[in-house]
Amino acid sequence: KAGVTQTPRYLIKTRGQQVTLSCSPISGHRSVSWYQQTPGQGLQFLFEYFSETQRNKGNFPGRFSGRQFSNSRSEMNVSTLELGDSALYLCASSLTRLGEQYFGPGTRLTVT
Amino acid sequence: DAKTTQPTSMDCAEGRAANLPCNHSTISGNEYVYWYRQIHSQGPQYIIHGLKNNETNEMASLIITEDRKSSTLILPHATLRDTAVYYCIVRVDSGGSNYKLTFGKGTLLTVNP
């Protein structure tokens, strides 16, 4: 069974731009969560989607948003990028909301 | 979610058992203990989880004390590829809106040849 895939793997953007990251969960998994990882803050929860609805949100500004499609694929969007948004963005999927989460390889975003 | 305390780093000789401790003294009755690990620059990898009974799978064993205030992850025969940051996480098993994983700083396990 294929794992969680994330595209693109690497991305370089300029301050003020916006970016969209994509996540394809493991087949059959309906819950998708997003995390941000930085050296200073570690792994932090962004939001969780289940059945196309955002069910849970972390403590991030409104510039961070996401959505989930009917096939469970998910995208997250960051608008008006700041230097501090440079991070590894990780997507995780699980069969149910409380199931073990399986992570993708992440998207490394660099904001210059 | 209850907070966890883990040593910052540990060393282990290749082929020996690695025992990683975790303190979760404020765990509540409906919280599971999860273990993940993250090898450098990769996404975290699920290892094992449990509620109160000891658990074993092909990767590791999880020993939870009877009072549930601490647990130990055991890698029975550590290899160089087990070098990673290991995260101990407690997580609610039902109800509420807190289905997220809250990662601490974890333990950097270095397996030495």
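The values are calculated or read from the model by the stated rules, or taken from the named source; none is laboratory data. From a predicted model like this one, the values you see are computed outputs, not experimental measurements. Every residue, glycine as well, gets a Cβ built from its backbone with ideal geometry; the counts of neighbours run over all protein chains shown. Accessible surface is based on the protein model in full, side chains and every heavy atom, while ligands, DNA and RNA are left aside. Shrake-Rupley method; radii C 1.70, N 1.55, O 1.52, S 1.80 Å.
For chain A, with every protein chain kept in place, what is the accessible area per residue (1.4 Å probe, Å²)?
For chain A, the solvent-accessible area averages 46 Å² per residue.
Return, in residue-number order, each cysteine of the protein assembly as shown whose C-beta is not under 4.7 Å from any other cysteine's C-beta.
B:C12
Based only on Cα atoms, what Rg/Rh ratio does chain B have, Rh being taken as Kirkwood's radius? Numbers along the way, then the final one.
On the way: Rg = 13.5 Å, Rh = 14.1 Å.
Rg/Rh for chain B comes to 0.96.
Please report, in Å, the Rg and the Dmax of chain A, where both are computed over Cα atoms only.
13.1, 38
Taking N as the number of residues in segment B:1-55, what is its Cα Rg relative to 2.2 N^0.38 Å?
1.29
Tell me, what ³J(HN,Hα) does each residue in segment A:20-28 have, in order and in whole Hz, if you take phi through Karplus 6.51 cos²θ - 1.76 cosθ + 1.60 with θ = phi - 60° and put x for Gly and Pro?
Couplings: 10, 10, 10, 9, 10, x, 4, 3, x Hz.
Considering the protein assembly as shown, what Rg and Dmax in Å follow from its alpha-carbon atoms?
For the protein assembly as shown, the Cα radius of gyration and maximum Cα-Cα distance read 17.6, 53 Å.
Check which residues have an amide H placed less than 5 Å from B:T83's amide H, if you skip close sequence neighbours.
Close amide H contacts, sequence-distant or interchain: B:V111.
Straight-line reach from B:K52: which lysines have a Cα under 27 Å away, not including same-chain ones fewer than 8 places off?
Hits, sequence-local ones excluded: B:K3, B:K69, B:K100, B:K105.
May I ask you to derive the FRET efficiency for A:L95 and B:K52 from their Cβ-Cβ distance with R0 = 22 Å, giving the value to the nearest 0.05?
E(calc), rounded to 0.05, equals 0.45.
Calculate the translational D of segment A:44-85 in whole µm² s⁻¹ from Stokes-Einstein, where the hydrodynamic radius comes from the Kirkwood formula applied to all Cα pairs, the temperature is 25 °C and the viscosity 0.890 mPa s.
Once the numbers are plugged in, D ends up at 223 µm²/s.
Evaluate the distance, in nm, between pseudo-label points positioned 7 Å from the Cα of A:S70 and of B:T72 along their respective Cα→Cβ axes.
Each label point lies 7 Å from its Cα, and together they span 5.3 nm.
Report, to two decimal places, the Cα Rg of segment A:1-60 normalised by 2.2 N^0.38 Å (N = number of residues). Before the final figure, lay out the partial values.
Values: Rg = 13.2 Å, N = 60, 2.2 N^0.38 = 10.4 Å.
In units of the 2.2 N^0.38 Å rule of thumb, it is 1.27.
Which of the aspartates and glutamates could a cross-linker span from A:K13 if the Cα-Cα distance has to be under 20 Å and same-chain partners fewer than 8 positions apart are dropped?
A:E75, A:E82, A:D85
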